[in-house]
2 protein chains.
Amino acid sequence: MTTLTGHSIIAGSPTAGKLPGSAGVAAATGESLEPTYTYVDEDQLAAATQAAAEAFDAYRATSPAERAAFLERVAHEIEADGEAIVARAVAESGLPLGRLTGELGRTTGQLRMFAEVVRVGDHLESRIDPALPDRSPLPRADIRQRQVPLGPVAVFGASNFPLAFSVAGGDTASALAAGCPVVVKAHNAHPGTSELVGTAVTRAVAACGLPAGVFSLVFGSGTSVGQALVRDPRIKAVGFTGSRAGGLALVAAAAARREPIPVYAEMSSVNPVVVLPGSIGDGRAEGLAAAYVVSLTLGSGQFCTNPGLTFVPAGPDGDAFLAAAARAVADATGQTMLTTGIAQAFGKGTDALRGAAGVTVEAEGAPGQAANAPAPLLASTTTAALRDEAAVSEEVFGAAGVVVRWGDVNELADALRGLEGQLTVTVQAADSDHEVARTLMPLLETKAGRILFNGWPTGVEVGHAMVHGGPFPATSDPRTTSVGSLAIYRFQRPVAYQDVPADLLPEATRDDNPWGLNQRVDGRLRLAQD
Amino acid sequence: MTTLTGHSIIAGSPTAGKLPGSAGVAAATGESLEPTYTYVDEDQLAAATQAAAEAFDAYRATSPAERAAFLERVAHEIEADGEAIVARAVAESGLPLGRLTGELGRTTGQLRMFAEVVRVGDHLESRIDPALPDRSPLPRADIRQRQVPLGPVAVFGASNFPLAFSVAGGDTASALAAGCPVVVKAHNAHPGTSELVGTAVTRAVAACGLPAGVFSLVFGSGTSVGQALVRDPRIKAVGFTGSRAGGLALVAAAAARREPIPVYAEMSSVNPVVVLPGSIGDGRAEGLAAAYVVSLTLGSGQFCTNPGLTFVPAGPDGDAFLAAAARAVADATGQTMLTTGIAQAFGKGTDALRGAAGVTVEAEGAPGQAANAPAPLLASTTTAALRDEAAVSEEVFGAAGVVVRWGDVNELADALRGLEGQLTVTVQAADSDHEVARTLMPLLETKAGRILFNGWPTGVEVGHAMVHGGPFPATSDPRTTSVGSLAIYRFQRPVAYQDVPADLLPEATRDDNPWGLNQRVDGRLRLAQD
């Protein structure tokens, strides 16, 4: 059992920050939670990034088996402290025990998935174009390629997933899997959880005999330490999940560096749901509306994929959907939000919605008993107001939904076309709606990283086909995902080896293929077992 | 045979620009070449990007067979005008006929390689995670993934490869292969060549029945039209080959957009060559030096991969290498450079070298008879001067080489560690050098996109394993390449499909696999023929 120290962990060493800090806060009561987390100063931060830079060569030289074993050890060490981690996360976040127990499993499952990805080794993208000494007019050299890690990565923990998108979450797991040391800036909404998980990772680093600089965890102010971390020349990429303002500040800092670096910021999304007529025909409106409100209010609506904007057709079935959704929201009770600040931002966002021309408040639930548990809200509006009033399509982080009524399919398509980039778009469709859905698909593909049918966007499966990403401003870089095995590609770059003697070639590019990789030879995939 | 018009080609229509323009210039004589190319104004540019945006859905919906046939048709149409294209390129660029004939073949070969890449379809990255309805505690949805094109791409032609890195060069070929319409900003150093190639592409678009907006070619001032093109909200990515200042200006413009977009700028590199002792032992110094000077002066040194900086050991063998290289440079005659401006920049760059403390001019060749044919230059210096004098490691575009003498391996490694990112690093090594080379490899991998042994970096093979890229400032984005089949990934993004009904799934994600793709099922590659 780990005792909390309030310290950062710099390359394996618990380190008291030289600046005053802050303590965790119990979300449900507003009470301060021991201990106080001191903040690192610039020199301490630089010690962490320097250690990461110094650990880079040794860490990236690990074999797939070694690196996979390390990732599995991280999962194991987290599980060893699982009860304490979940208990502290419940206190700090106000999220329910069941949710956080599930999130812990998701976090360790994610680490194990990346261990398997590393073992399979397809991310190394082994490519061989053999020499053609007799080609005319010029012979072709022997050229090989593999992916190498970018270098030390800075990860910013998210408020709303204190485990799965935080210290040992998807960004950290994919960066470590790629061979990049990681410096995590803890989210100050769950410092104790962060320390516990960071301590588990640190144990895994030591147990696997890796250089301590492979992992550091620092506490500090989001603005100053965050900016300093992104500006540090030793940092080569950044993973972030959070607000649009926070993400854009990091993007700007990275772009202003002498050497620009990629920032993978997952920011804001209202996750449009398109209700097509067949899906609410034949008395199905009420059932669909109930399911909608479950997704809307799940986890107090604090999901990046919360369905904020729902397009419902005009007419009696749509009226029935809206009425049923309004009843369900009216019956709902607010749940504790992650922090006072987040609850206040929810209030500001819902006030902006109420004040927007053409927006009608359809229902409000009851505020919860605990602190920071504002009432869920349901509003409705028109496609005209969606177009004219910015507040309608801006993310309100929390359980606030806007139903946009649409008349014909052209009006719907125009409204969708006017939206910004999204993490997800959901289509509710019966078989009779497929013809319309087919015409909408190309448009939806330009708007979101994930398209789903007859489900709800909350709940992001960790797998090989998942995309948790999308066009700006859903993310700062639509070419990738922050969930799923594809995420490892964010932290790599290709290197070509031309006529490099066999004894100097990296394992991933060798003809004897010691790692048993699938290889692309002259452009054609060749499976290892062939 | 095409008659030159001096017009831009906006979505298939030859269009006189509304602004005054400029004519091509014969590099070897300085004479103006008919016709004058008028420049597009903002509205005309917007017409091109709007047509590209409107063509996007239809173009990206083409099947692999259709898109591959189009790319092959482009190659065919270029070949049909091959003689005229090469003749005009010779006049405009001053490059020799043989070189440009080869470059034409490289350009059409590149288009055909991408046709084959499109047919194989691995770039679509078909991924399927099948549903697990019985999984507990929660069932897993059916999730599939494919890559989709980003949208219209802006391409900036390079001065030094009027064919292979220009109107229908690698950026255009890879963007078209990915399914992105392209708007090319012609390089004003070879406008007639650009028009001829652009006309060929336009014929291919029409012959294949594609929307005319798939391709436009605009003439304009680099600064104003370039900036306007990158700022245009319809443009979703940018390909550029040219100077560091030019590339960074585009990067800054893209970062300042409301929606930032990726800029793939291939900029500057001095392509270090590391001569290890064994490679010049036993009387091999003279032969290696002769080969070095051939690479240094090839094409008047106007290659992104020109070996600008060569690390030669102290001692008699290194002295012999330097002396032999000096003799070869002294015997060399300047060849016509691409433009007067480029020749002047070469003069400034060599003046800065001459003026740098600790730099000795070892040899100068003779200027050429034609215009803009400055004398090749060879200088030598120390690792201390390399560290202290910025001019030593800055690219001088043209036939200017600096030999850096080093004492021991630590001094060499420190000098290499101090370098910026490069396109290539070359190692000259005998078997006896492998031990030292092995210790240098991890460092070299962090410095360059391509590592080659016992060859010369000029000459970039178009293939599947090639990387023509590297850490900043060699490029603005080290995660990719501008040459070779991997380049197609620059213009794509992943989309996930969750529980999408089978009749609405894109072909690339379907179980019946109509395109015969290799697919990744539950994380494991499955070849189509299995």
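Of note:
- Extension gain for the segment B:A352 to B:A207, taken as residue separation times 0.36 nm less the Cα-Cα distance, is 47.0 nm to one decimal.
- Using the Cβ of B:E42 as centre and a radius below 10 Å, the other residues enclosed give a net charge of -2, where K and R count +1 and D and E count -1.
- With label points set 7 Å from Cα along Cα→Cβ, the inter-copy distances at A:D134 are 5.7 nm, sorted shortest first.
- List B:E461, A:E31, B:E195, ordered by accessible area with a 1.4 Å probe, largest first: A:E31, B:E461, B:E195
- Too-long pairs where the Cα-Cα distance tops 23 Å, listed order kept, from B:K185/B:K348; B:K18/B:K236; A:K236/B:K447; B:K185/B:K236; B:K18/B:K185; A:K18/A:K185: B:K185/B:K348; B:K18/B:K236
- Ordering of A:361-368, A:197-204 by packing [mean C-beta count within 10 Å, highest first]: A:197-204, A:361-368
- Placing a label point 7 Å from Cα along the Cα-to-Cβ direction at B:A528 gives distances to the equivalent points in the other copies of 2.5 nm, listed shortest first.
- Computed from the C-beta positions of A:R257 and B:T439, the FRET efficiency with R₀ = 25 Å rounds to 0.25.
- In chain B, Cα pairs under 8 Å separated by at least six residues give a relative contact order of 17 percent.
- Qualifying trypsin sites (Lys or Arg not before Pro) in the stretch A:230-279, where qualification requires a DSSP coil assignment and no more than 16 other C-beta atoms within 10 Å, comprise A:R257, A:R258.
- Exam field: A:E66 pseudo-label spacings to other copies (7 Å along Cα-Cβ), nanometres: 5.1
- Distance between modelled label sites at B:A61 and B:A323, nm, 7 Å Cα→Cβ extension: 7.3
- For chain A, the Cβ-based charge dipole about the Cα centre amounts to some 900 debye (Lys, Arg positive; Asp, Glu negative; other atoms uncharged).
- Percentage, to the nearest whole number, of Cα pairs in the stretch A:155-263 over 25 Å apart: 15
- Taking trypsin sites (Lys or Arg not before Pro) across the stretch A:133-176, the ones in a DSSP loop with at most 16 further Cβ atoms lying within 10 angstrom of their Cβ are A:R135.
- Exercise: per-residue mean of other protein chain Cβ atoms within 10 Å, B:137-145: 5
- Electrostatic dipole magnitude of the stretch B:273-453 [Cβ: Lys, Arg +1; Asp, Glu -1; Cα centre; debye, to 20]: 420
- All-pairs Cα distance distribution in chain A, expressed in whole percent, bin size 20 Å: 22, 50, 25, 3, 0
- Once the Cβ-Cβ distance of A:T5 and A:T340 is raised to the sixth power relative to R0 = 35 Å, the FRET efficiency obtained is 0.90.
- Across peptide B:518-528, the mean count of Cβ atoms from other chains lying within 10 Å of each residue's own Cβ comes to 4.
- Kirkwood radius and radius of gyration were both taken over the C-alpha atoms of the protein assembly as shown, and their ratio Rg/Rh is 0.98.
- Average beta-carbon neighbours from other chains, 10 Å sphere, peptide B:453-463: 4
- The P(r) of the stretch B:273-453 has a tail past 27 Å containing 21 percent of all C-alpha pairs.
- Stretchable slack from B:D282 to B:R231, in nm (0.36 nm times residue separation minus alpha-carbon distance): 12.6 nm
- Each of B:E507 and B:A366 was given a label point 7 Å from its Cα along the Cα-to-Cβ line. The distance between the two points is 6.2 nm.
- Both numbers refer to the Cα atoms of the stretch B:232-335; Rg and Dmax are 19.9, 61 Å.
- In plain terms, if you count all Cα to Cα distances in the stretch A:321-411 and split them into 10 Å steps from zero, the share in each step is 18, 46, 29, 6, 1 percent.
- Residues listed by number, the stretch A:84-118, amide nitrogen under 15 Å from A:T333 label point at 7 Å toward C-beta: A:96
- Close amide H partners of A:G21, meaning residues 5 or more places away or on another chain with modelled amide H under 5 Å apart, are A:Y39.
- MRE, 222 nm, helices only [DSSP H, n ≥ 4, -39500 (n - 2.57), over the protein assembly as shown, to nearest 500]: -12000 deg cm²/dmol
- Rounded FRET efficiency, nearest 0.05, which uses the C-beta distance separating B:V521 from B:D388 and R0 of 45 Å: 0.20
- Under the span-like rule (Cα at least 27 Å along the axis, Kyte-Doolittle mean at least -1.0), DSSP H helices of chain B: B:97-120
- Of all chain A residues, the one whose C-beta is nearest the axis that brings A onto B, in angstrom: A:A255, 2
The values are calculated or read from the model by the stated rules, or taken from the named source; none is laboratory data. Predicted model, so just to flag it, every value in this text is computed and none were measured. For neighbour counting, all protein chains shown are included, and Cβ atoms are generated from backbone atoms with ideal geometry for every residue, glycine included. Note: areas computed on protein heavy atoms with side chains; ligands, DNA, RNA excluded. Shrake-Rupley method; radii C 1.70, N 1.55, O 1.52, S 1.80 Å.
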